[in-house]
Amino acid sequence: MCGALNITVTGRVQGVGFRPFIFALADKYHLKGTAQNNLDGVIIHAEGDSGQLKNMIEEMQQSPPRLAKINQITVRETARKGYTDFTIISSDNKGNGIPWMPADAAICHDCKTEMDDPSNHRYQFPFINCTQCGPRYTIIRDVPYDRPYTTMKEFTMCPRCYEEYGDPKNRRHHAQPTCCPACGPVLALYDHNGSCLNINTQAKKMTLDFLKKGKIVALKGIGGYHLACDPFQPQTVARLRQLKRRPTRPLAVMMTSIDCAKQYCWITKQEEERLLSPEMPIVILQKKEGVAIPDVISPGLTTLGVMLPYTPLHHLLLDAELPCLVMTSANTSGLPICYKDDPVLDDLKNLADYVLTHNRPIHRPVDDSVVQCDGDETFFVRRGRGYMPEPLKTTGNVDQIIALGGDQKSAYAIGKHQHIYLSPHVGDVENEEMIHFLEDHIRHEQEWLHSESTCVAFDKHPLYETAKIAQTMLGEKISVQHHHAHHVSCMEDNALEEDCLGIILDGTGFGEDGHVWGFEFLYGNARSVTRLGHLTYTPLPGGDRAVKQPWRTAVGMLLHYWPEEGERIAAELFPDRRKEINVISQMVVNDINSPLAGTCGRLFDAVSAILGICSVSTYEGEAAMKLADGLGGTDFPDDDEKTYPYRITSNDHGYELDVSAMILAIIQEKCQGRSIQEISRRFHQTVVSCCVHMTLAIAAKRPELNRSVVLSGGSFQNNYLRKHLQRHLEKRDFQVYTHKQVPCHDGGLALGQMIIASAARQQ
Amino acid sequence: MERISLGHGEGGELTHQLIHDVFIRSFDHGEQARLDAAIISSSSEQIAVSTDSYVVDPIFFPGGDIGKLAITGTVNDLAVTGAVPKVITAAFMIEEGFPIRDLKHIVKSMAQEAEKAEVKIIAGDTKVVERGSVDGIFITTTGIGAIEQSYLNPESMKKGDAVIINGTIGDHGIAILSARKQLGLMTNVTSDCASLNQLIQNILRRTKGIRAMRDLTRGGLATGLVELCEDFNSTMEIEEAALPIRDEVKGACEILGFDPVYLANEGKTVIIVDANEADLVLDILHKDEYGADACLIGHVTAVTEQTGKLKLKTPVNTTRRLSRLSGMVLPRIC
Ligand SMILES: [Fe+3]
Ligand SMILES: [Mg+2]
Ligand SMILES: [Zn+2]
Ligand SMILES: [Zn+2]
């Protein structure tokens, strides 16, 4: 029996080779008709044998192209038009959808095979790509996604490439960045004086040579420049750290293959999948013990960030003699990633010995993504390359809202109808350069989204640069409390709309009472939350300086908990700081530059300092990370008796958690010589137990509350904390939700701010 | 010990005695004291007037006291507008029980500083309030200066103009903090509290191309420059590495978590001057006791239609945007 169907496919189906895929299916099942892109997705008119039509739809669902992600297939019967063949017709800008742009994808298997084949005309060609792989988001200037609107516009296709491009059966059909050695970009190697040393194959050979000799080379990648060097040459790594002003922060390593990565790290199935996925993020892996990845790469940690080569150029630069490369974004700590070409050579010459670059411009900078896996779940540490610019769908109207996020790990969000475009990780917005970078970034995104914001959501912190930027923008201003934003971010990440409990364990955020919050038990939704419990406030002597110097936070706690003996205990714990402790104790007593804070991040800092693990953080989260290091993977017997003592008291405002007894016990155990690892584990168990008991106390007092709990805030990057708190709460009949699509830290704030602003606007 | 009583403020005999013993003797204004108001004459067409109240804890600190401050502060406010300070009036608000010896000391240092700055203290007022209504003593001074010639020309400010400061920053702020004994800060820093009018007049007379000046007080260097940037639509960039800061001040900031650009000064002015005249200005400054540590700290980088901004280039080559002192102690780092 014959039939005709109108099939609309939505989701990530454009720029991913979906039409050629349909073309091939039509050919296979002897179907006639057309395929066309419009703003809604791909619209297919197919006619032929009914059984074959069914087969086509089935195969479409079951084995779509690797980059495609189908949300919905809508099938409608329609009248036969009597087509004699199947054709792809050019894009139509009609539809009710939203502007759309594809994501960058790591080199695919087919392209890799071609570039390894000496008989192929793209043999060792560093810009090989196809509909299934290559740069996208980073090279697109405007929508629709078409070559003239990309930075490949400058490169006129040679006849051979043009033929492939036009051939619906070819895997480069409408592959917008396609090119070959005859018509594509040129690779060029510069020394740090800016002289060009060589181009193409010779440039690559020289680069490889330099890297092996211990030189630092800046490599132009997908979303910006990397600094690359051999991780096995400690002096080179030390030099890189010095140039980047990044003394101890872990560096990511690119490894030639998954097998190579397995030599150095333990890799679970989930981690392997992520490493090999088209997004190819950096995956944080557990290092194997006694294997030779030098400690200087991730000093003091048992983990290592690993990624696989995701561009053809990376493949050319890794070989048997050089199986691993340190790859870190090319910028001095605190400055934006380098991605523009003209000024870049100037900037880079202070960071690298050589620069390997090319003339395909990067239009949108984006950092590598970083993920962390636990069992079959994956969590974002940094959302960037590969995941951009996929919108998140929501149920409310978020049109024309812009949410600026926070100052740290900044990411903003732009609302369009019912879609939220969360920006990639921008970085810490602390200085003029980052403010400009952010403002430029926002301008770019607003341009292609044709979005003019009439409502600006931002953090309540009066000193945040993002809050100041908000004041310069047009439209209604909505300031959002930090932890409310975290709470709603996690709700939205799990499509929750009803009131729920939130356990927000975080670094520092500006609280409604003017103090620093970050250990919060909230209840509510996007419209409002009530604070039902929190950690006792203790002073942070020196403000920001205490965040960078956890020993201060520890001293602040000791002085607060034990006004009489605190100073003596502090001096015993930190004998080198005696002189400062004396002053700090006066600062605390006289309330000089000592804001009050009750935050999980600072609690971890204090314990890390007390245990002598880290008393000064050289990068954000160092003290907490090192305290948690090594616990993430292990399961512990569920034993409440192994917790330290703590107290939950209640007052008019709710519950307060007092951990002074725990701090004292930790100090005693440390003095008694109990192992640091053991104490750290017990500390973690105690934090979990505190949260569980606080939640139970709240639920007992207010039995009418929903038993859904969202876990958000930067401290939930701590695998142990997240996993065990979830487990314990689930055992007690709570439904527990964690982040899925956005980071739990401040990189996810904008999502919450957006939803809160949308709710506020409706009121 | 003799102390101020409420009776000293009632306007009767006790008040008369106090004024006579403490004020007239020190301020040497026998003539005016008999009249209800002081009468002065001035030959210049324009006069400058400034008023300020002084409250400081502690009242006596290394390098000065509230009395000296009450003179230098008002003198400097006048001086940076290009005026030559001539006369000052002073109003005292004194807490019941305040030691008369301390009052005498304060009044004496006012008189000394006025003499040094060549201004006359010509009128005054005294009120005594109940215990707890003020903290010891508050002083309000009003100064009048003559603008003999207008040297300042802020409208001609242009890209490339030099930003000069006459010495180290933050001394007063740290001196005050360490004088509050309870801090236990071990520094020898003394307040920079000084009248700069003669130095400023000297510069104004001997150079051309001075665009603007501002005396730095509460809110520090950053707040003073931000105000200049905003008032004259100019953007300035200063170099962190070029800022003159005493090691003790740096050390204290390190411990306390303060930023020296926000620490109070009481004898510092910034001078915006044509780049060609910068060396001459520095030369003059270096020869003066209040300008020995003077240096060039930055430049005007743009003069625009919109509000100007203040930027600070850090030693790691990033640029911080500086705002006014926020008055809030809140960590920003997550
Ligand atoms: Fe946060
Ligand atoms: Mg003043
Ligand atoms: Zn490919
Ligand atoms: Zn070609």
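Computed from the coordinates by the stated procedures, all read-outs in this text should not be read as laboratory data. Owing to the predicted nature of the structure, the values given are computational and were not obtained by experimental measurement. Because the Cβ atoms are built from the backbone with ideal geometry, glycine has one as well, and the counts that use them run over all protein chains shown.
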> Could you state the number of Å between the C-alpha centres of region B:200-260 and region A:558-584?
Replying inline: 36
>> Rounding to the nearest 10 and keeping the result within 0 to 90°, find how far the Cα-based axis of helix A:200-212 lies from the longest principal axis of chain A.
In response: 20
> Rounded, prolate or oblate: which one fits region B:197-236, using the alpha carbon gyration tensor with axes a ≥ b ≥ c (rounded when a/c is under 1.5, else prolate when a/b beats b/c, else oblate)?
Replying inline: oblate
> So, in Å, what gap is there between the alpha-carbon centers of region B:45-60 and region B:303-334?
Replying inline: 28
> By counting other Cβ atoms within 10 Å of each Cβ, how are A:Cys161, A:Cys179 ranked from fewest to most?
Replying inline: A:Cys161, A:Cys179
>> How much of the DSSP bridge set in region A:532-700 is antiparallel, in percent, rounded to the nearest 5?
In response: 70
>> Is the C-alpha gyration tensor of chain B telling us rounded, prolate or oblate? Criteria: a/c under 1.5 is rounded; beyond that, a/b larger than b/c is prolate, otherwise oblate.
In response: oblate
> Which distance in Å, rounded to a whole number, links the C-alpha centroids of region A:63-108 and region B:118-137?
Replying inline: 83
> Two-decimal Rg/Rh of region A:2-89 from alpha-carbon positions, Kirkwood Rh?
Replying inline: 0.92
> Is the shape of region B:154-322 rounded, prolate or oblate, going by the alpha carbon gyration tensor and its root eigenvalues a ≥ b ≥ c, with a/c under 1.5 for rounded and a/b larger than b/c for prolate?
Replying inline: oblate
>> Please rank A:Tyr720, B:Tyr290, fewest neighbouring Cβ atoms within 10 Å first, as an exposure proxy.
In response: B:Tyr290, A:Tyr720
>> Give me, ordered by chain and number, the residues 5 or more places off A:Met327 or on other chains with an amide H under 5 Å from its own placed amide H.
In response: A:Ala252, A:Val253, A:Met254
> Each residue of region A:24-38 in turn: what ³J(HN,Hα) in whole Hz from Karplus with 6.51, -1.76, 1.60 and θ = phi - 60°, glycine and Pro shown as x?
Replying inline: 5, 5, 4, 4, 4, 9, 6, 10, 10, x, 9, 9, 8, 8, 9
>> With both bridge residues required to lie in region B:45-137, what share of the DSSP beta bridges run antiparallel, to the nearest 5%?
In response: 25
> If you plug each phi of region A:466-471 into the Karplus form 6.51 cos²θ - 1.76 cosθ + 1.60 with θ = phi - 60°, what whole-Hz ³J(HN,Hα) values come out, in order, with x for Gly and Pro?
Replying inline: 5, 5, 6, 4, 4, 5
>> Let me spell out the model: positive unit charges on the Cβ of Lys and Arg, negative unit charges on the Cβ of Asp and Glu, origin at the Cα centre of chain A. What dipole size does that give, in debye rounded to 20?
In response: 980
>> Can you give me the long-range amide H partners of B:Thr301? Hydrogens built in the peptide plane at 1.01 Å from N, cutoff under 5 Å, separation of 5 or more residues or another chain.
In response: B:Gly160, B:Thr235, B:Met236, B:Glu237
> What does the average come to when, for each residue of peptide B:258-265, you count the partner chain Cβ atoms lying within 10 Å of its Cβ?
Replying inline: 1
> How big, on average over all directions, is the shadow cast by the Cα convex hull of region A:617-763, in nm²?
Replying inline: 11.5
> Got a sec? Charge dipole of region A:605-763, +1 on Cβ for Lys and Arg, -1 for Asp and Glu; which of A:Gly612, A:Ile679, A:Gly748 is way out at the positive end?
Replying inline: A:Gly748
>> Counting other beta carbons within 10 Å of each residue's own, what order do A:Trp100, A:Trp266, A:Trp517, A:Trp448 fall into, fewest first?
In response: A:Trp266, A:Trp448, A:Trp100, A:Trp517
>> What Kirkwood Rh does chain A have if only Cα atoms enter the pairwise 1/r average? Answer in Å.
In response: 27.7
>> With the alpha-carbon atoms as the only input, what is the per residue convex hull volume for region A:93-157 in Å³?
In response: 105
> Dipole of region B:209-249 (Lys/Arg Cβ +1, Asp/Glu Cβ -1, origin at the Cα centre): which of B:Thr217, B:Met236, B:Val249 lies farthest to the positive side?
Replying inline: B:Thr217
> 222 nm [θ] for the protein assembly as shown, helices only, -39500 (n - 2.57) per DSSP H run of 4+, per residue, to 500?
Replying inline: -9500 deg cm²/dmol
> Using alpha carbons only, how many degrees (0 to 90, rounded to 10) separate the axis of helix B:197-206 from the longest principal axis of chain B?
Replying inline: 40
>> To the nearest 20 Debye, how big is the dipole of region B:1-93 about its Cα centre, given +1 on the beta carbon of each Lys and Arg and -1 on that of each Asp and Glu?
In response: 160
> Using the per-residue mean of other Cβ atoms lying within 10 Å as a proxy for protection, in what order, highest first, do the peptides A:381-393, A:108-120 fall?
Replying inline: A:381-393, A:108-120
> Dipole magnitude of region A:2-89 about its Cα centre, charges +1 at Lys/Arg Cβ and -1 at Asp/Glu Cβ only, in debye to the nearest 20?
Replying inline: 200
